[in-house]
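The values are calculated or read from the model by the stated rules, or taken from the named source; none is laboratory data. Small disclaimer: the values here were computed from a predicted structure and weren't measured. Every residue, glycine as well, gets a Cβ built from its backbone with ideal geometry; the counts of neighbours run over all protein chains shown. What goes into the accessible areas is simple: the full protein's heavy atoms, side chains included, and nothing from ligands, DNA or RNA. Shrake-Rupley method; radii C 1.70, N 1.55, O 1.52, S 1.80 Å.
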Amino acid sequence: MKISNPDIIRLAEIKSYFLDPPYTFRIYSYAKPQVDEAINILGKYSFISPALMGQMEDLRQLFEQSENDANATRENMRSFAILLNRINR
């Protein structure tokens, strides 16, 4: 089974946005829905490693804890992008 092209494109867009997050104080409100979307997309595919999904869920929790800290949110975004990069391996 393969990931559908629209899903690949959306995950690539999220990864690209997360690798170089913008400097804005409202970063959390932009990032959190994209984290949820990426996890939902990957949840549709049974061949995605449960360990990888677990790491993404852990990062989702970190996102919630860093809601009021823009710098921590940016770091979490970069970490999430690295996890998205592992999907291709």
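Per atom type, the chain shows carbon and sulfur on 52% of its accessible surface, probed at 1.4 Å. Normalised Debye scattering of region 41-89 at q = 0.24, 0.25, 0.30 Å⁻¹ gives log10 I(q)/I(0) of -0.87, -0.92, -1.13, counting only Cα atoms as equal scatterers and leaving out solvent.
Near Met77: Cβ cut-off under 15 Å, other residues only, Lys/Arg at +1 and Asp/Glu at -1. The net charge is -3.
Only alpha carbons enter this Debye calculation for the chain, each as an equal point scatterer, and the log10 of I(q)/I(0) it gives at q = 0.10, 0.18, 0.20 Å⁻¹ is -0.23, -0.72, -0.88.
Estimated at 0.36 nm per residue, the fully extended path between Met53 and Arg86 surpasses their Cα-Cα distance by 10.8 nm. Here is the list for region 1-40: trypsin sites (Lys or Arg not before Pro) lying in DSSP coil, each with at most 15 other C-beta atoms within 10 angstrom of its C-beta, are Lys2, Arg26.
Derived scalar couplings between HN and Hα for region 50-59 equal x, 5, 5, 5, x, 5, 5, 5, 4, 5 Hz in order, rounded to whole Hz, by the Karplus curve 6.51 cos²θ - 1.76 cosθ + 1.60 (θ = phi - 60°), x for Gly and Pro.
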